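Asks: Please read through the structure below; I'll follow up with questions.
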Amino acid sequence: MRAAAVGNAAFETAVSGPAASGAAASGPSASGPAATGPSATGPSATGSSALEPYEHALRTGGPVYLRRADGRRHALDIARWTAEPDAADRSMLVRCWGPTLDIGCGPGRLVAALVRRGTPALGIDLAPAAVHLTVASGGAALRRSVFDPLPGERRWGTALLADGNIGIGGDPAALLTRTAALLRDRGCLIVETEAEEPYAHERFAACVEDARGRTGAPFRWARLGVRALEGLAPACGFAVRETWTVGDRQFAALVGAP
Ligand SMILES: C[S@@+](CC[C@H](N)C(=O)[O-])C[C@H]1O[C@@H](n2cnc3c(N)ncnc32)[C@H](O)[C@@H]1O
């Protein structure tokens, strides 16, 4: 079955292929645009020096923040990301169909839960600590940028952009277009949007900051509300099929336009 083959290939690559040994050091994310420095404007300019405070927080559970260039600061919810999936997370999981790619998987709670449900799943993340934690929790993960070549291109049944990951790269249209190229025909993209700001479409420079004010290198990020997503989707190869809210979190399911 084609779907199973994609999932198996992903698992095999994650366990024994270039990601497990070489990709972190010499693969596309180390040498390509993902490793580009703070002044980079490309969509994957979140290099490892940018993520160091985040990785430290993943390992220690300490507080960590997204610090915007304009001075505003948002706490990153490491506790939730390292916990079991909650009701809002489960509302995404039940909508995953076929082999599922979790883009920016963090410590992997969604990947691990999908595996427990019998859904072939792969997480990708730039942060080695995130990949390590995902694998430790029973999931498969690769250290890759979403903008790098990935296993199963055009064959994933579902892709996830959870927890604000529509912000990856700081250009939601570029990220949506890239994600459309990862999905099979009529594949589904689940996006978490800014629940309280449906028209938000912000693109900005930010860095990760720890509790002592130490920061990683700046990178580009974005925030997107559901109405703004509906406006962007058609030009990026998607139609919005469904939107829903659970508690204070909001989601949209997009389907690849034929
Ligand atoms: C907001 S956190 C997401 C947390 C995650 N969804 C979870 O469940 O823990 C953003 C994640 O995206 C990753 N990331 C940033 N840029 C990326 C890129 N270009 N490709 C893949 N992952 C990326 C970060 O390392 C980080 O783990």
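Asks: Go through region 141-179 and give me each residue that's away from the ligand (no atom under 12 Å from the Cβ) and either of a type outside the set (Lys, Arg) or on the phi > 0 side of the Ramachandran plot (or both). Please lay out each step first, then the result.
Replies: In the first step, residues of region 141-179 are kept if they are away from the ligand (no atom under 12 Å from the Cβ); the result is 149, 151-158, 172-173, 176-177.
Matches in region 141-179: PRO149, PRO151, GLY152, GLU153, ARG154, TRP156, GLY157, THR158, PRO172, ALA173, LEU176, THR177.
Asks: Follow-up. Right, GLU202: part of a strand (DSSP E or B), crowded, with 16+ Cβ neighbours inside 10 Å and charged (D, E, K, R) or not?
Replies: Numbers: part of a strand (DSSP E or B): yes; crowded, with 16+ Cβ neighbours inside 10 Å: yes; charged (D, E, K, R): yes.
Yes; evaluated as a whole, the condition is true for this residue.
Asks: For HIS132, which of the numbered conditions (1) more than 9 Å from the ligand (Cβ to nearest atom); (2) in a strand (DSSP E or B) fails to hold?
Replies: Of (1) more than 9 Å from the ligand (Cβ to nearest atom); (2) in a strand (DSSP E or B), only one is false for HIS132: (2).
Asks: Can you pull out every residue in region 205-222 that is surrounded by 22 or more Cβ atoms within 10 Å (Cβ to Cβ) and among the small types (Gly, Ala, Ser)?
Replies: Hits for region 205-222 are ALA206, GLY216, ALA222.
Asks: I need a count of the residues in region 61-118 that are among the aliphatic types (A, V, I, L, M) and loosely packed, with under 13 Cβ neighbours inside 10 Å. Break it down stepwise before answering.
Replies: Restricting attention to region 61-118, the residues satisfying the condition of being among the aliphatic types (A, V, I, L, M) are 64, 66, 69, 75-76, 78-79, 83, 87-88, 92-94, 101, 103, 110-115.
Filter again for loosely packed, with under 13 Cβ neighbours inside 10 Å, leaving 69, 75, 79, 83, 87, 94.
So the answer is 6.
Asks: Please verify whether HIS56 is part of a strand (DSSP E or B) and either on the phi < 0 side of the Ramachandran plot or among the aliphatic types (A, V, I, L, M) (or both), treating the condition exactly as stated.
Replies: Spelling it out, it is not the case that HIS56 is part of a strand (DSSP E or B) and either on the phi < 0 side of the Ramachandran plot or among the aliphatic types (A, V, I, L, M) (or both).
Asks: Another one. Which one of the conditions (1) of a type in the set (Asp, Glu); (2) under 15 Å from THR134 (Cβ atoms); (3) modelled with pLDDT of 95 or more does GLU55 fail to meet, given that it meets all the rest?
Replies: It is condition (3) that GLU55 fails.
Asks: Here's another thing I want to ask about it. Does region 175-193 include one or more residues that are touching a helix residue (DSSP H, G or I) at 6+ places or on another chain (Cβ under 9 Å), free of Cβ contacts under 8 Å to residues at least 60 places away in the same chain, part of a helix (DSSP H, G or I) and of a type outside the set (Ser, Thr, Tyr)?
Replies: Our first condition is that a residue be touching a helix residue (DSSP H, G or I) at 6+ places or on another chain (Cβ under 9 Å); within region 175-193, this holds for 175-180, 184, 187, 189-193.
Still in the running and free of Cβ contacts under 8 Å to residues at least 60 places away in the same chain: 193.
Applying the additional criterion that residues be part of a helix (DSSP H, G or I) yields none.
For region 175-193, residues touching a helix residue (DSSP H, G or I) at 6+ places or on another chain (Cβ under 9 Å), free of Cβ contacts under 8 Å to residues at least 60 places away in the same chain, part of a helix (DSSP H, G or I) and of a type outside the set (Ser, Thr, Tyr): absent.
Asks: Looking at the structure I just gave you, is GLY138 touching a residue at least 24 places away in the same chain (Cβ under 8 Å) and of a type in the set (Gly, Ala, Ser)?
Replies: In short, yes.
The values are calculated or read from the model by the stated rules, or taken from the named source; none is laboratory data. The shown structure was predicted, so the numbers you read here are calculated from the model rather than taken from an experiment. With ideal geometry, Cβ positions are generated from the backbone for all residues, glycine too; neighbour counts draw on all protein chains shown.
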